[in-house]
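Chemist: Let me begin by handing over the structure; questions about it come next.
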Amino acid sequence: MMVLYSGTTCPFSHRCRFVLFEKGMDFEIRDVDLFNRPEDISIMNPYGQVPILADRDLVIYESNIINEYIDERFPHPQLMPVDPIQRARVRLLLLNFEREVFVHVQELERLEAKKADKPLDKTSEKVAEKARTIIRDQLSKLSPVLMKSSYIMGEEFSMIDLALAPLLWRLGHYGIELPKTAAPVLKYAERIFARPAFAEALTPSEKVMRR
Ligand SMILES: N[C@@H](CCC(=O)N[C@@H](CS)C(=O)NCC(=O)O)C(=O)O
């Protein structure tokens, strides 16, 4: 059985939990306490991060890599497009989002962990504010696309939507408010949150991030 090592508030682990529930197969989720990281995490992932997926002899990390593997192992419902051209486009978009949006999400997560020890100093507060502004602006740019179609790639829910969902869920939690012009993005988020697998994948700590 596949085992996912997951952080209970980690947006990247959230992506993989979401995929597992979309597929509706057998799996086990092991919660990892990042403040008291078990030794085997750094053995399985040299970067010491979650999520990590173990499937018999295979151990992989990086949420998007894990998700593509699960999608190939369990093709229904298919989350990557069948057409190679569209697949390439999805992969490129995933990379763009990692570089332009999720690096800033990671920064906010790092600062959040730091805040658990002591209040943030002014420099860290500035870094957090900059990260929030970039995320807000990048997400707002999706409005024109989402005015025309239900999901980023058209009418079909895909891996891109799935990768963005944990961030959309955390906007309030991160203190990010989208402008009124980004209403299509918020409607799109509600469409994703309405998926049964999305609700099933939420941990108790994630459920209370948004009311
Ligand atoms: N690019 C990675 C990011 C994973 C990540 O940043 N995980 C965080 C938790 S949300 C982590 O394990 N942090 C502990 C650390 O970096 O030491 C992915 O997509 O899987």
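Chemist: Any residue at all in the stretch 84-93 that's modelled with pLDDT of 95 or more and within 13 Å of the ligand (Cβ to nearest atom)?
Modeler: Scanning the stretch 84-93, I find no residue that is modelled with pLDDT of 95 or more and within 13 Å of the ligand (Cβ to nearest atom), so the answer is no.
Chemist: Okay, moving on. So, in the stretch 179-209, how many residues would count as being touching a Lys or Arg at 6+ places or on another chain (Cβ under 7 Å) and open to solvent by 20 Å² or more (accessible area, probe 1.4 Å)?
Modeler: Step one: of the stretch 179-209, the residues touching a Lys or Arg at 6+ places or on another chain (Cβ under 7 Å) are 201, 209.
Checking which are open to solvent by 20 Å² or more (accessible area, probe 1.4 Å) leaves us with 209.
Matching residues across the stretch 179-209 total 1.
Chemist: Out of all the residues in the stretch 98-131, which are open to solvent by 100 Å² or more (accessible area, probe 1.4 Å) and not in a helix (DSSP H, G or I)?
Modeler: Correct list: 117, 118, 119.
So that you can scan it fast, the table gives a plain yes or no per residue for (1) assigned by TED's automatic domain parsing to the domain that holds residue 142; (2) modelled with pLDDT of 95 or more; (3) under 18 Å from residue 203 (Cα atoms):
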residue: 20; (1), (2), (3): no, yes, yes
residue: 59; (1), (2), (3): no, yes, no
residue: 96; (1), (2), (3): yes, yes, no
residue: 109; (1), (2), (3): yes, yes, yes
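Chemist: Still on this structure, I have one more. Exactly one condition in (1) over 20 Å from the mean Cα position of the chain (by Cα); (2) within 16 Å of the ligand (Cβ to nearest atom) is not met by residue 109; state its number.
Modeler: Single failed check for residue 109: (1).
Chemist: Among the residues in the stretch 57-65, are any in a helix (DSSP H, G or I), open to solvent by 60 Å² or more (accessible area, probe 1.4 Å) and within 16 Å of the ligand (Cβ to nearest atom)?
Modeler: Within the stretch 57-65, the subset in a helix (DSSP H, G or I) is 63-65.
Adding the requirement that they be open to solvent by 60 Å² or more (accessible area, probe 1.4 Å) leaves 65.
Now restrict to residues that are within 16 Å of the ligand (Cβ to nearest atom): 65.
Yes, the stretch 57-65 contains at least one residue that is in a helix (DSSP H, G or I), open to solvent by 60 Å² or more (accessible area, probe 1.4 Å) and within 16 Å of the ligand (Cβ to nearest atom).
Chemist: Output the residues belonging to the stretch 83-97 that are more than 17 Å from the chain's Cα centre (by Cα) and either among the polar types (S, T, N, Q) or open to solvent by 90 Å² or more (accessible area, probe 1.4 Å) (or both).
Modeler: 84, 85, 86, 89
The values are calculated or read from the model by the stated rules, or taken from the named source; none is laboratory data. Because the structure is predicted, anything quoted here is derived from the model rather than measured. For neighbour counting, all protein chains shown are included, and Cβ atoms are generated from backbone atoms with ideal geometry for every residue, glycine included. Note: areas computed on protein heavy atoms with side chains; ligands, DNA, RNA excluded. Shrake-Rupley method; radii C 1.70, N 1.55, O 1.52, S 1.80 Å.
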